[in-house]
Amino acid sequence: MKRSEMLNQFSREHHQALVHARRIALATEADFDILRQRLLEDFVPALLDHFLKEETHLLPTTQLALTDDAARLLDEHARLRNLIDSLRHGELAALKPFGVLLADHVRFEERQLFPALDPLLSTDQSPGG
């Protein structure tokens, strides 16, 4: 069965998230500030847009607003946003927890949420509209 184009787009974005999570995991404390700055400038705007698309297009489309998986998605998005706020305020200690949660979140979506959603989506939907 061909995977939904909506989910394919999200998966492409997930790949980039995992690349950043891996960079964080391998970073030393000496790298934290420059890595934090680069994440905030280069990655976080796209990540926040990704969250918004999942919340406004994916969940309503699949009518999952009240399920445990949807609750987990929304909770993890909120936790990641809080860590981003901490990073914006210069809290370098938030970097490693952000990377760990980001990787765990992507894996949850790819391994659990998306396989459950795929049969509910048509192959011609896109996350942007």
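Regarding region 47-66, can at least one residue be identified that is closer than 18 Å to Leu117 by Cβ, hydroxyl-bearing (Ser, Thr, Tyr) and open to solvent by 40 Å² or more (accessible area, probe 1.4 Å)?
Pass one, region 47-66, residues closer than 18 Å to Leu117 by Cβ: 50-66.
Add one more test, that the residue is hydroxyl-bearing (Ser, Thr, Tyr), and what stays is 56, 61-62.
Those still in the list that are open to solvent by 40 Å² or more (accessible area, probe 1.4 Å) too: 56, 61.
Yes, there is a match, as at least one residue in region 47-66 is closer than 18 Å to Leu117 by Cβ, hydroxyl-bearing (Ser, Thr, Tyr) and open to solvent by 40 Å² or more (accessible area, probe 1.4 Å).
I need the helices (runs of 4 or more DSSP H) fully contained in region 1-79, keeping only those with at least 2 residues that are modelled with pLDDT under 95. Steps first, answer last, please.
Numbers: elements: 5-26, 32-38, 44-53, 59-62.
Those helices (runs of 4 or more DSSP H) span 5-26, 59-62.
Between residues in region 89-116 that are touching a residue at least 12 places away in the same chain (Cβ under 8 Å) and residues that are in a helix (DSSP H, G or I) and aromatic (Phe, Trp, Tyr), which pairs lie under 8 Å by C-beta distance while being six or more apart or on different chains?
Partner pairs satisfying both residue conditions: Leu92/Phe32; Leu95/Phe32; Glu109/Phe10; Phe114/Phe10.
Given the conditions (1) exposed (fewer than 15 other Cβ atoms within 10 Å of the Cβ); (2) among the hydrophobic types (A, V, I, L, M, F, W, C); (3) in contact (Cβ under 8 Å) with a residue 40 or more places away in the chain, report the number of the one that Ile24 does not fulfil.
(1)
The values are calculated or read from the model by the stated rules, or taken from the named source; none is laboratory data. Only a predicted model underlies this, so the values are computations on that prediction, with no experimental measurement involved. Note that each Cβ is placed from the backbone with ideal geometry, even for glycine, and that neighbours are counted across all protein chains shown. When the accessible area is computed, the model is the full protein with side chains, heavy atoms only, and any ligands, DNA or RNA have been set aside. Shrake-Rupley method; radii C 1.70, N 1.55, O 1.52, S 1.80 Å.
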